[in-house]
Amino acid sequence: KELKLDGGIAFDGDGDRAVLIDDKARPVNPGILGAMLIEHYLAEHPGAAVVYDARASHIMFDTITKLGGKGVRSKVGHSNIKALMHEHKAVLGVEQSAHYYFRDNFFADSGLIAALVALDIVSRSGQRLSEIVDRLSIYVNSGEINMPVGDTATKLREFKLAYSDGEQDELDGLTVNYPDWWFNVRPSNTEPLLRLSVESKDRALTASKVEELTKILKS
């Protein structure tokens, strides 16, 4: 804000993740950058496959569908993403955790490539990054909420029973879809935690569902 810059990029310690900051100093949800990359790569490779993880924002699936790509849903984790990318010869892989994988980078993830392509997208668009972000900000995503849980299997069964009226799948933990919102709750691959993600098109609805689901996690 002080320097009136057009944006910023935050990398993690080993450089395999990148998060954009737009010209209004807002952190950009990784799902939005995912949708930007999907638009870019499907324009270059019409009909190509794109792999995305089970907790990914629906803006990614919507964008793949709109542009005629082949969406492939994956369990969370780089080994799962890479295996499916190889299997489907996918041009791109996206995780909601800000990992972006590229066929032309040996199917490996790279925060630097994601950032450079994002800069190219903005430069060619003639728009500010915030304008692109606003166009793609259809959903309100909670991000992952982590909660220590002693018996993750029992807690997942509790969620399954409590939300049995929704459309459920168990690709990775439990995902439940309703017409106006959805959530995923899954065991961490590395810690004794359950990780919760919630999304809808309404900020108040997402917040209320986060509160409702968090109570179950804490009970």
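The values are calculated or read from the model by the stated rules, or taken from the named source; none is laboratory data. Since the structure is predicted, the reported quantities are computational estimates derived from the model, not experimental observations. We place every Cβ from the backbone using ideal geometry, glycine too, and count neighbours over all the protein chains shown. Accessible surface is based on the protein model in full, side chains and every heavy atom, while ligands, DNA and RNA are left aside. Shrake-Rupley method; radii C 1.70, N 1.55, O 1.52, S 1.80 Å.
Return one whole number: the accessible area per residue of region 1-57 in Å², for a 1.4 Å probe.
Numbers: 2730 Å² over 57 residues.
Here the residues of region 1-57 average 48 Å² of exposed surface.
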- So, in Å, what gap is there between the alpha-carbon centers of region 81-107 and region 161-219? 25
- Query: Across region 125-135, in residue order, what do the Karplus-derived ³J(HN,Hα) couplings come to in whole Hz, using 6.51 cos²θ - 1.76 cosθ + 1.60 with θ = phi - 60° and x for Gly and Pro?
  - Reply: 6, x, 10, 7, 4, 4, 5, 5, 4, 4, 5
- ARG17 long-range amide H proximity, modeled H, under 5 Å: ASP12, GLY111
- Task: Answer rounded, prolate or oblate for region 138-191, using the Cα gyration tensor with square roots of eigenvalues a ≥ b ≥ c: rounded when a/c is under 1.5, else prolate when a/b is larger than b/c, else oblate.
- Result: oblate
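Write down Rg/Rh for region 1-121, rounded to two decimals, with Rg from the C-alpha atoms and Rh from the Kirkwood relation over Cα pairs. Numbers along the way, then the final one.
Values: Rg = 13.7 Å, Rh = 14.2 Å.
When Rh is taken as the Kirkwood radius, the ratio is 0.97.
Calculate the dipole size of region 94-212 relative to its Cα centre from +1 charges on Lys and Arg beta carbons and -1 charges on Asp and Glu beta carbons; express the result in debye to the nearest 20.
On the way: 12 positive and 20 negative charges, 52 e Å.
About 260 debye.
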- Test item: Cα-centred dipole of the chain, Lys/Arg +1 and Asp/Glu -1 on Cβ, debye: 140
- Near the amide H of ILE9, under 5 Å away, which other amide H atoms are found, from residues 5 or more places off or on another chain, if H is placed in the peptide plane? ILE21
- Task: Report, to the nearest 10°, how far helix 30-44 tilts away from the longest principal axis of the Cα atoms in the chain, using its own Cα long axis and a range of 0 to 90°.
- Result: 50
- Item | Cα Rg, Dmax (largest Cα-Cα span) when computed across region 108-160, Å | 18.7, 51
- Query: Considering the values (1) 49, 44, 35; (2) 57, 38, 33; (3) 77, 48, 30, which represents Cα extents along the principal axes in Å as calculated for the structure under consideration?
  - Reply: (1)
- Message: If you count only protein heavy atoms with a 1.4 Å probe, what accessible area per residue comes out for region 106-181, rounded to a whole Å²?
- Response: 56
- Message: Between helix 78-88 and the chain, what is the angle of the helix's C-alpha long axis to the longest principal axis, kept within 0 to 90° and rounded to the nearest 10?
- Response: 70
- Query: In terms of Cα to Cα distance under 20 Å, which lysines are near enough to LYS201, apart from those fewer than 8 places away along the same chain?
  - Reply: LYS66, LYS209
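May I ask you to give the percent of accessible area on the chain that is carbon plus sulfur, with a probe radius of 1.4 Å? Don't skip to the end; give the middle numbers.
Numbers: 5900 of 10970 Å².
Reported share for carbon and sulfur atoms: 54 percent.
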- Query: Rounded to the nearest 0.05, what FRET efficiency do ARG128 and LEU205 have when you use their Cβ-Cβ distance and R0 = 41 Å?
  - Reply: 0.90
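Any idea what the relative contact order of region 1-156 is, in percent, if you count C-alpha pairs under 8 Å spaced at least 6 apart?
Details: 254 pairs, mean separation 38.2, N = 156.
Worked out over region 1-156, it gives 24 percent.
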- DSSP bridge pairs, region 33-164: antiparallel proportion in percent, nearest 5: 45
- Message: Quick check: the angle from helix 152-162's long axis to the longest principal axis of the chain, C-alpha only, nearest 10 degrees?
- Response: 80
